[in-house]
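Encoded as structure tokens, the structure appears first; notes follow it.
The values are calculated or read from the model by the stated rules, or taken from the named source; none is laboratory data. Source: prediction; values computed, not measured. Note: ideal-geometry Cβ built from the backbone for every residue, glycine included; neighbour counts use all protein chains shown. Please note that ligands, DNA and RNA were not included when accessible areas were found on the heavy atoms of the full protein model with its side chains. Shrake-Rupley method; radii C 1.70, N 1.55, O 1.52, S 1.80 Å.
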Amino acid sequence: MEQRTVGRSGLRVSRIGLATHTWGSHTDSDEAAVQLVAFTDAGGTLVDTSPAYGGGAAQRILAELLGDLVSRDDLVLSGCAGVLPRISPAPAGPSVPEPEPARPTVDTSRRTLLRQLDRTLLELGTDYLDIWNVAAWDPRTPLDEVAATLEFAVRSGRVRYAGVRGFGAWQLASLAAIAPISVAQAPYSLLARGSEGSFLPAADHHGVGLIASAPLAGGILTGKYRDGVPADSRGADEATAAEIRHRLDERATRVVDALVTAADGLATSPLAVALAWIRDRPGVSSMIVGARDIGQLTGVLAAEALELPRAIAAALDDVSARTE
């Protein structure tokens with residue numbers, strides 16, 4: 001798998017990264033082990049994790065696989081801090097309505113960031129993270145405090161490169177101007193091209209490399225929703241169904257139809273075409289893709305060898321462009 005330099009840093013990562021957000025929920029430890037071996041055997045290096053994935057189970061599973069199954073030195077581990085789970089109170093009795101689903105609380109104070117970093121390192125059994133991201137923008141924490149915390153984490157050796165997730169363009173620019181930010185992770189796909197407006201230019205200006213998250217738009221760009229909602233899909237999951245169904249609009253239909261047409265002509269899958277399009281976009285260093293099982297991951301890895309003809313890339317660019 002080809003390795004790319006992230007922004008203007010010296011960090012190099014595989015241009016496809018492995019997401020672990022299904023580990024511990026939809027993917028058990030045995031399946032995770034199969035995925036990790038297949039990914040590294042294909043030359044993949046970037047592995048993305050978080051204390052929030054699987055309620056913390058993803059990090060614990062990854063920790064079990066490091067060393068015995070895959071060498072820590074062969075991986076570029078990306079983690080994050082700054083989001084706390086909010087525990088909803090249990091109902092007092094049968095007459096009490098069910099509480100609303102728990103929502104995360106953002107806290108990027110020095111205390112919380114460093115506490116979560118230390119806990120992540122302890123759980124993973126490693127001395128450092130290759131990439132450590134501030135998980136969200138926190139308007140309550142002074143920007144100077146966040147910047148100083150990132151600098152301290154890098155200087156102490158516990159972090160090699162600092163990054164951000166879930167930031168807007170002006171937020172990224174504000175922090176990158178005073179902190180050693182090398183990486184920015186943001187949603188980017190044929191159905192989510194908002195980053196092209198100001199986020200990517202801001203990242204380029206500050207020498208920050210973009211790692212695209214959700215490049216398959218929750219699975220929509222695989223074509224799985226063309227004939228309905230599969231029972232085992234995110235569209236059928238109560239926790240994510242509303243988000244998926246909201247995005248199944250006329251534009252999504254046009255884009256997916258174009259992907260299917262391109263895939264048929266190239267003898268590949270719509271998934272591979274969608275990933276190849278994102279991979280080749282200016283400013284993209286890598287993309288994080290998750291898979292529930294080895295079958296899905298095999299399809300993802302197939303995108304590495306696909307080279308999109310310019311005419312097809314341009315056609316996808318046109319059909320996915322927003323006109324409003």
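Here is a check on your reading of the model: is residue 162 farther than 26 Å from residue 58 by Cβ, out of contact with any Cys (no Cβ under 8 Å at 6 or more places or on another chain) and not charged (D, E, K, R)?
When the stated conditions are applied, residue 162 does not pass them.
Per-residue answers, yes or no, for (1) open to solvent by 10 Å² or more (accessible area, probe 1.4 Å); (2) under 17 Å from residue 286 (Cα atoms); (3) without any contact (Cβ under 8 Å) to a residue 40 or more places away in the chain:
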{"residue": "51", "(1), (2), (3)": "yes, no, no"}
{"residue": "54", "(1), (2), (3)": "yes, no, yes"}
{"residue": "60", "(1), (2), (3)": "yes, no, no"}
{"residue": "63", "(1), (2), (3)": "yes, no, no"}
{"residue": "81", "(1), (2), (3)": "no, no, no"}
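Which of the residues spanning the stretch 45-74 are within 19 Å of residue 30 (Cβ to Cβ), in contact with a strand residue (DSSP E or B) (Cβ under 6 Å, 6 or more places away or on another chain) and among the hydrophobic types (A, V, I, L, M, F, W, C)?
47, 58, 61
Residue 150 passes all but one of (1) among the hydrophobic types (A, V, I, L, M, F, W, C); (2) open to solvent by 20 Å² or more (accessible area, probe 1.4 Å); (3) touching a Pro at 6+ places or on another chain (Cβ under 7 Å); which number fails?
The one condition residue 150 does not meet is (2).
Take the stretch 18-48 and flag every residue that is without any contact (Cβ under 8 Å) to a residue 60 or more places away in the chain, farther than 19 Å from residue 275 by Cβ and part of a loop (DSSP other than H, G, I, E, B).
24, 25, 28
What number of residues in the stretch 248-275 are assigned to a helix (DSSP H, G or I), surrounded by fewer than 23 Cβ atoms within 10 Å (Cβ to Cβ) and free of Cβ contacts under 8 Å to residues at least 60 places away in the same chain?
Looking only at that region, the number is 9.
Keeping to the stretch 162-181, report how many residues are within 19 Å of residue 128 (Cα to Cα) and either at pLDDT below 95 or crowded, with 24+ Cβ neighbours inside 10 Å (or both).
Selection size over the stretch 162-181: 4.
What pairs come up if the first residue lies in the stretch 176-194 and is charged (D, E, K, R), the second is open to solvent by less than 20 Å² (accessible area, probe 1.4 Å), and their beta carbons are under 9 Å apart, counting only those six or more places apart or on different chains?
Final answer for the pair search is 193/320.
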